[in-house]
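Novice: Got a structure for you, questions after.
Readers should treat all values here as calculations from the given coordinates under stated rules, not as data from a laboratory. Owing to the predicted nature of the structure, the values given are computational and were not obtained by experimental measurement. Counting neighbours? That spans all protein chains shown, and the Cβs are built from the backbone with ideal geometry, glycine included.
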Amino acid sequence: MATNERNSSNSSLLFHPFNVMLSILLLGLSGLFLALTLSYVYIRVTNGVVPVQPPALFIFNTIVLLASSYTMIRAKRCYLDDDTPAYQRNLLYTILLSLAFMVLQSLAWYLLFQQNIGLNASTTTGFLYVISFVHLAHVVAGLPFLFLFYQAARKRMVDPVTVLVYFSDPEKRLRLQLLTRYWHFLDILWVYLVVFFLVNRLL
């Protein structure tokens, strides 16, 4: 009986409107970045354009973003373990790491401009800016949700009763799962993009 109830709960979560919307969003983003990277390869090969060298900060940013993914995993585990302080702390770490990623990404673009490598320097350079900017835009889009989770955790988890109510809310659990999924997707996508630019540089 308990197994049937669990399966029914998982099925309802699978087809929850939020889950469906996120799946459609991630599918669309996958198609968008696949189209951008394939266009990059096509234009580079057909026009004989020199591939762009990604800034070293892009590689360092990969570590920062992966660290934010790790803290999101920790936040989710702490949520499931009813560990209030650690849950709040890891949400805050994720926010700070995401802000650091944004700052470092802006710095990478600034350093490129300082080297006279602007949007119009070459077709491949233009793709580098567009692809990295679109990715950053989706990191920025996820930040308000992180702030809302952190703010809610700080305001509503003040005593054992409110903590129990917060942790037992299936809607919050679902939203945290979806946010964690979204964050992992952005991290994997960024790793793919950095590896893509590096491989193209070597070929």
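Novice: Could you give the DSSP H helices of the chain that reach 15 angstrom or more along their long axis (alpha carbon positions) and whose average Kyte-Doolittle hydropathy is no lower than 0.0? Don't jump to the answer; show the numbers that get you there.
Specialist: Working: long enough: 2-14 (18 Å, -1.00); 17-47 (45 Å, 1.45); 56-80 (37 Å, 1.05); 84-114 (45 Å, 0.90); 123-156 (50 Å, 0.91); 170-202 (48 Å, 0.55).
Membrane-span-like by this criterion, though nothing is claimed about a membrane: 17-47, 56-80, 84-114, 123-156, 170-202.
Novice: Would you be so kind as to identify which of Leu104, Gln53, Leu26 lies farthest towards the positive end of the dipole of the chain, taking Lys and Arg as +1 and Asp and Glu as -1 on Cβ and the Cα centre as origin?
Specialist: In the chain, that residue is Gln53.
Novice: How long are the semi-axes of the ellipsoid equivalent to the chain, from square roots of 5 times the Cα gyration tensor eigenvalues, in whole Å, largest first? Numbers along the way, then the final one.
Specialist: On the way: eigenvalues 294, 81, 28 Å².
That gives 38, 20, 12 Å for the three semi-axes.
Novice: Which of the listed residues, Leu38, Thr180, Tyr129, is farthest toward the dipole's positive end in the chain, when Lys, Arg count +1 and Asp, Glu count -1 at the beta-carbon?
Specialist: Positive-most Cα among the choices belongs to Tyr129.
Novice: Would you work out the charge dipole size for the chain about its Cα centre, treating the Cβ of every Lys and Arg as +1 and the Cβ of every Asp and Glu as -1, and quote it to the nearest 20 debye? Please report the intermediate quantities before stating the final value.
Specialist: Details: 14 positive and 8 negative charges, 21 e Å.
My answer is approximately 100 debye.
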